[in-house]
Amino acid sequence: MIVAGEASGDLHGGNLVRAMSGIEPGLSFYGVGGERMRDAGVRLLANAADMAVVGLTEAVSRLRTILRVMRLLKDSLAAERPDLVILIDYPDFNLFLARAARKRGIKVLYYISPQVWAWRRGRTATIRKTVDRMAVILPFEEEFYRKAGVEVTFVGHPLLDEVRRKYTREEALRRFGLREDAITVGVLPGSRRSEAARILPEMLGACRILAEKISPVEFVLPLAGTLDPDFVRDILRRFPVRVAVIRDEIYDVIAVSDAAMVASGTATLETALLETPMVVVYKVSAASYALGRRFVHVNHICLANLIAGREIVPELIQDAAAPERIAAEIGELLVKPEKAREMKAALAEIREKLGTPGASERTARIACDMLKDKERLF
């Protein structure tokens, strides 16, 4: 069984399944994911797009779906008796599933750690009791879990194998219908419907302000596979600014952008690896934010800043995530080349801290070794 509840987990899950199948042909997989995992051969019992949420109130709105999928997966532990359960991020859901697997004596590999080092550190006790192996992707996570008594391996970050441009700047501009003489601004509102509903209007408001102050300027939005195009178009229609919507070319969209406004999450690290100057935007419901402020124990929310150990990218959180502030920060990067160059140089250091390519292959070998250990027991 393999379970990923969000778009980034689906990407890494698909790559992991392919790597495992290359090592041990004949393995079969089922679980929760998206198009990437389905294409890799996973039999999906539910789609990650129906389960992706951010914040407390957003989770409540999808609780019925989440509980239905949980029951389905727990029942399958008894009916299908998988030899291994692989859990990818999505902690509140997956840690419940880890407990259920442990009760049935099924081994659990957790790939891509819950951010327990940031908040709700008490979950490390649950991980120690219910997870057999952790494969972590951020360099500081290995020591954190080892001190907590968890068997852990730092495998490097899987995005090092993924994040690369396919086209030159000139080719990308032509492909996306963008002008070579214009400034290009990327708009990345997140991969979850709930976060895009809150963040995209703020970003489009910033685009309107930038269009009034800077000319020529164009905006481009790479559409996440988990977002309905009609849902995004409905939001775009409310704003008098043209935004080119591009499917399946996120890395070239980011690379061709002179600067980008990016929802907090995996996309901030993808943008960092492409060394595109950015502003990070984060906005959830008032209830989710109030709860988060009580329990979050890190100084930054952006992965690039967390890995660097300092703020190299502006973070506009909650009330600060307003069109005027977003436009002002992006405008600084566009009209002050020295500021953009300084940020690009700092972003270049991030790659060096993320290990070496091959995270999927290393994790696949851990998973296949766990399967062999089970075979030896019988």
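Throughout, read-outs are computed from the coordinates displayed, never taken from laboratory work. Computed from a predicted structure; not experimentally measured. Don't worry about glycine lacking a Cβ; one is built from the backbone with ideal geometry, like all the others, and counts go over all protein chains shown.
Between Asp319 and Arg123, the C-beta separation translates, for a Förster distance of 30 Å, into a calculated FRET efficiency of about 0.55.
Shape analysis of segment 1-101 yields a ratio of the Cα radius of gyration to the Kirkwood radius, Rg/Rh, of 0.96.
For the Cα trace of the chain, dividing Rg by the Kirkwood Rh returns an Rg/Rh value of 0.97. Seen from every direction in turn and averaged, the convex hull around the alpha carbons of segment 298-378 projects onto 8.6 nm². The smallest convex shape that holds all Cα atoms of segment 169-352, its convex hull, gives 113 Å³ per residue. If you plug the beta carbon distance of Leu63 and Arg38 into 1/(1 + (r/R0)^6) with R0 = 35 Å, you get a FRET efficiency near 0.90. The smallest convex shape that holds all Cα atoms of segment 28-187, its convex hull, gives 166 Å³ per residue.
Here the peptides 266-275, 65-74, 19-28, 151-160 are ranked by packing, the mean other Cβ count within 10 Å, and the order with the highest first is 266-275, 151-160, 65-74, 19-28.
Rounded to the nearest 0.05, the FRET efficiency derived from the C-beta distance between Ser28 and Asp248 at R0 = 25 Å is 0.35. Toward the positive end of the charge dipole of the chain, with +1 on the Cβ of Lys and Arg and -1 on the Cβ of Asp and Glu, the farthest Cα among Val313, Pro201, Ala101 is that of Ala101. For the chain, with a Gaussian network of springs between Cα atoms less than 10 Å apart, report the residue from Asp39, Asp252, Asp234 with the top mean-square fluctuation. In the Gaussian network model the winner is Asp234. With the largest listed first and rounded to whole Å, the semi-axes of the equivalent ellipsoid of segment 118-276 from the Cα gyration tensor are 36, 18, 13.
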